[in-house]
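The values are calculated or read from the model by the stated rules, or taken from the named source; none is laboratory data. The model shown is predicted, which means the values in this text are computed figures rather than measured ones. In this analysis, Cβ positions are derived from the backbone assuming ideal geometry, glycine residues included, and neighbour counts consider all displayed protein chains. Note: areas computed on protein heavy atoms with side chains; ligands, DNA, RNA excluded. Shrake-Rupley method; radii C 1.70, N 1.55, O 1.52, S 1.80 Å.
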Amino acid sequence: LGQTLLLADEKEQLHALLGISEQLVRDPYVFGVLPQVLPKGDWWVDTPKDVSRDDVLLGFCLGAYHYTLKEESKITGPRLLIHKKEKNGFAYNMVRSFWLARDLINAPANILGPLELAQQACLVLKSF
């Protein structure tokens, strides 16, 4: 469970296999390991029919979290490719909410006082 195997095809493109258990209950957290083990680059995840794409998106993105309130923050690891329609979906909005909450919690008090917190709230509300 959660073990990943990287394989190269005849064109030397990398593919990864992730071991997951039978899906008796939904478990997005099993996909949280992917950002830690996949090499940098764009990745598409195919799943069996009984595995929700929302679980993949939620788990991958929670595992990929990094502090994003600083200007110089850049994605340095693998990126999950998603459908355009997933950007308006429940999992995508949950991930955005979790990342924002974690950013606000992890922000040092000297750079996120009451004024800055209000500014962040206004920025978030503009996106809705």
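Filtered by the rule that a residue be more than 15 Å from Gly77 (Cα to Cα), open to solvent by 100 Å² or more (accessible area, probe 1.4 Å), part of a loop (DSSP other than H, G, I, E, B) and in contact (Cβ under 8 Å) with a residue 12 or more places away in the chain, the stretch 25-40 gives a lone residue, Arg26. Output the residue which, of all residues in the stretch 84-128 that are part of a loop (DSSP other than H, G, I, E, B) and closer than 22 Å to Leu57 by Cα, is least open to solvent (accessible area, probe 1.4 Å). The selected residue is Gly89.
I'd like to know if the stretch 52-71 contains one or more residues that are more than 16 Å from Val95 (Cβ to Cβ), open to solvent by less than 30 Å² (accessible area, probe 1.4 Å) and not in a helix (DSSP H, G or I). Within the stretch 52-71 (the criterion being more than 16 Å from Val95 (Cβ to Cβ), open to solvent by less than 30 Å² (accessible area, probe 1.4 Å) and not in a helix (DSSP H, G or I)), the answer is no, since none of the residues qualifies.
Taking the numbered list (1) surrounded by 11 or more Cβ atoms within 10 Å (Cβ to Cβ); (2) within 29 Å of Leu6 (Cβ to Cβ); (3) not hydroxyl-bearing (Ser, Thr, Tyr) in turn, Glu22 passes all entries but (1). Per this entry, Lys74 is not counted among residues that are without any contact (Cβ under 8 Å) to a residue 60 or more places away in the chain, among the basic types (Lys, Arg), in a helix (DSSP H, G or I) and out of contact with any Gly (no Cβ under 8 Å at 6 or more places or on another chain). Leu81 falls short on exactly one of the conditions (1) crowded, with 17+ Cβ neighbours inside 10 Å; (2) within 13 Å of the chain's Cα centre (by Cα), and that condition is (1). Got a number for residues in the stretch 41-51 being at pLDDT 90 or above, surrounded by 15 or more Cβ atoms within 10 Å (Cβ to Cβ) and assigned to a loop (DSSP other than H, G, I, E, B)? So the answer is 1.
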